[in-house]
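Take a look at the structure below.
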Amino acid sequence: ASALLSRAQAYWGLNRLVEAEKDYTEAIRLVSNFGALYRDRAQIRFGLGNQDGAMADFTVALEKDPFDADNYANRGSLKLLQYDFAGAGEDIRKGLFWQKGHPRSEYMLGLLHYSTGRYSDAVAQIDRARDLGFRGSEASITRARSLYYLGTHEAAIRETAEGLQAFPAQYDLTEIRARARLARRDFALALADAEAV
């Protein structure tokens, strides 16, 4: 099982997901009690477009390790993609119950607010996640979009500028900035951003 896991992780690192899934499946057959194997295979299955398989594996990972906030965040993220907002919220909050201040779960709660049109709550929640140490381009993207939909275009432009300093290749931020500049009638700058995207 250990040899299979090592090879599976190497395949995963090389983005050879079909081979990685096969080795994880074989490792699970040999050692079925480790939740981390199901968690990893779920991520691989998600990468292969198998959302049902990923959901099943995330669920088993939670059964094996029901106090892991990351597992709840993983399954909650998948539920968000499936527009199961109630289920996503339940999972995210369970993770936060077991690990208060879990940065990724705090961000996921912000993403849930954004997904359900609660943009002010999304901004406040993302700020909380950042205060707790969450870093990533997704926080900048979600916060900038929330600010844009709130009609605070100057704040959205500032958020995208700060995000692009940290994540210069993140075209989503440039696209949001283009929309905010267009809303402000800064047509030349909006056009430059749109062309860059």
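The values are calculated or read from the model by the stated rules, or taken from the named source; none is laboratory data. Fair warning: this is a prediction, and the values are worked out from it, not measured in the lab. Using ideal geometry, Cβ is built from the backbone for each residue, glycine included, and neighbour counts are taken over all protein chains shown. In case anyone asks, the SASA skips ligands and DNA or RNA and just uses the protein heavy atoms, side chains included. Shrake-Rupley method; radii C 1.70, N 1.55, O 1.52, S 1.80 Å.
Tell me the trypsin sites (Lys or Arg not before Pro) within region 145-197 that lie in a loop according to DSSP and have at most 10 other beta-carbon atoms within 10 Å. Filter output for region 145-197: Arg185. In terms of packing, defined here as the mean over residues of other Cβ atoms within 10 angstrom, the peptides 64-73, 101-110, 79-88 line up highest first as 101-110, 64-73, 79-88. Relative to the first principal axis of the alpha-carbon coordinates of the chain, what is the inclination of helix 171-183, with its axis defined by its Cα atoms, in degrees from 0 to 90 and to the nearest 10? Tilt of helix 171-183: around 30 degrees. Charge dipole of the chain (Cα centre as origin; +1 on each Lys and Arg Cβ, -1 on each Asp and Glu Cβ, all else neutral): 180 debye, rounded to the nearest 20. In the context of the full set of protein chains, residues of region 1-133 present 51 Å² of accessible surface per residue (probe radius 1.4 Å, heavy atoms only).
Considering every alpha-carbon pair of the chain, the percent of pairs per 10 Å bin, from zero through the bin containing the longest distance, is 10, 29, 29, 22, 9, 2, 0. Helix 187-196 axis versus longest C-alpha principal axis of the chain: approximately 30°, rounded to the nearest ten. Taken per residue, the accessible surface of region 136-195 reaches 52 Å², heavy atoms only and a 1.4 Å probe. Quick one: check the C-alpha center-to-center distance for region 88-147 versus region 161-189, whole angstrom. Centre-to-centre distance over Cα atoms comes out at 22 Å. Classify region 68-153 as rounded, prolate or oblate, taking a ≥ b ≥ c as the square roots of the eigenvalues of its Cα gyration tensor: rounded when a/c is under 1.5, otherwise prolate if a/b is larger than b/c and oblate if not. Since a/c reaches 1.5 but b/c is at least a/b, the shape of region 68-153 is classed as oblate. Overall, the ratio between the Cα radius of gyration of region 18-91 and 2.2 N^0.38 Å, rounded to two decimals, is 1.05.
Here the accessible area of the chain is 52 percent carbon and sulfur, with a 1.4 angstrom probe and all protein chains present. Comparing Pro103, Leu164, Gly117 along the charge dipole axis of region 101-197, the residue lying farthest to the positive side is Gly117, per the Cβ-charge model.
Roughly how tilted is helix 119-131, in degrees to the nearest 10 and between 0 and 90, from the longest Cα axis of the chain? Compared with the principal axis, the helix lies near 60 degrees.
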